Amino acid sequence: MTLREPPPGFPPRVDVRLDGWRLTWAELETVDVGVETFRAAFEKETARLTQRWHDRSISADATVTEVRRLFRAAGCDPTRYRPSSEALLRRLHRDGVGSTGVPVVDVNNLLSMRLRVPCCVIDPNAIAPPLTFRPGLPGESMTAMRGPMRLDGKPVLADGVGPFGTPISDAERVKVSPDTRAVWMVVYLPERGAEPVDLEGELAGLLRLMPVARVLAVA
């Protein structure tokens, strides 16, 4: 289901019912960028990240460890359903991470790997407040971007329609396309037990390298 009303106010109010999490939001406006320029910058950044993690243990990282702990506290096994940030890092280490074909999604993925926390971008026109961040209910599911996804015990971000996101994957209904102009990013941050995160600085740095969007607000 895609809603056609104007997006709700930014930042969205979220009823957080899972301890230890802090959701931070960025409001972005995408802009067109040359394909070759973007590809070169993307490949340079993925190469830098690959080198950074070449001889480092992903599972020993303090932030990765804390995100895993929060998954377990919500009732989700992070070795079976990996946080999106850890899944990206493991793919980078194993096979490399390629472009999705949507530049703002690629920047989101690079930011997630830099910060080691789950990040996602959504179409704000596709969500309907109120928003809640809570454990998934028994028998609850959503159509994720990779297909049907059971949500029992997983950390779930839901609106008035139902679940639309998790720190694992998001619902097809909030998917950002190459033509999406208004974009919201949500960053799932641990409140403690992880290294300090400079979200605004890291995002600004990536967008200087790959100017695919303007940051309108961070909250």
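The values are calculated or read from the model by the stated rules, or taken from the named source; none is laboratory data. These figures come from a predicted structure and were not determined experimentally. As a convention, Cβ positions derive from the backbone with ideal geometry for all residues, glycine included, and neighbour counts pool all protein chains shown.
For region 154-184, filtered to residues that are part of a loop (DSSP other than H, G, I, E, B) and among the small types (Gly, Ala, Ser), the residue that is farthest from the chain's Cα centre (by Cα) is Gly160. Given the criterion outside any loop (DSSP other than H, G, I, E, B), touching a residue at least 60 places away in the same chain (Cβ under 8 Å), more than 29 Å from Arg181 (Cβ to Cβ) and under 20 Å from the mean Cα position of the chain (by Cα), identify the matching residue among Thr46, Thr50, Thr24, Thr63. After applying the criteria, what remains is Thr63.
The set of residues in region 125-153 being in a strand (DSSP E or B), touching an Asp or Glu at 6+ places or on another chain (Cβ under 8 Å) and of a type in the set (Gly, Ala, Ser) consists of Ala144 alone. The residue that is nearest to the chain's Cα centre (by Cα), counting only those in region 138-153 that are of a type in the set (A, V, I, L, M) and at pLDDT 95 or above, is Ala144. When restricted to residues that are under 25 Å from Thr30 (Cα atoms) and surrounded by 18 or more Cβ atoms within 10 Å (Cβ to Cβ), region 126-158 contains 6.
Across region 93-124, the qualifying residues are those that are modelled with pLDDT under 95 and in a helix (DSSP H, G or I), and the one among them that is surrounded by the most Cβ atoms within 10 Å (Cβ to Cβ) is His93. Would region 207-215 turn up any residue that is of a type in the set (A, V, I, L, M, F, W, C), closer than 24 Å to Cys76 by Cβ, in contact with a strand residue (DSSP E or B) (Cβ under 9 Å, 6 or more places away or on another chain) and surrounded by fewer than 17 Cβ atoms within 10 Å (Cβ to Cβ)? Taking every residue of region 207-215 in turn, none turns out to be of a type in the set (A, V, I, L, M, F, W, C), closer than 24 Å to Cys76 by Cβ, in contact with a strand residue (DSSP E or B) (Cβ under 9 Å, 6 or more places away or on another chain) and surrounded by fewer than 17 Cβ atoms within 10 Å (Cβ to Cβ).
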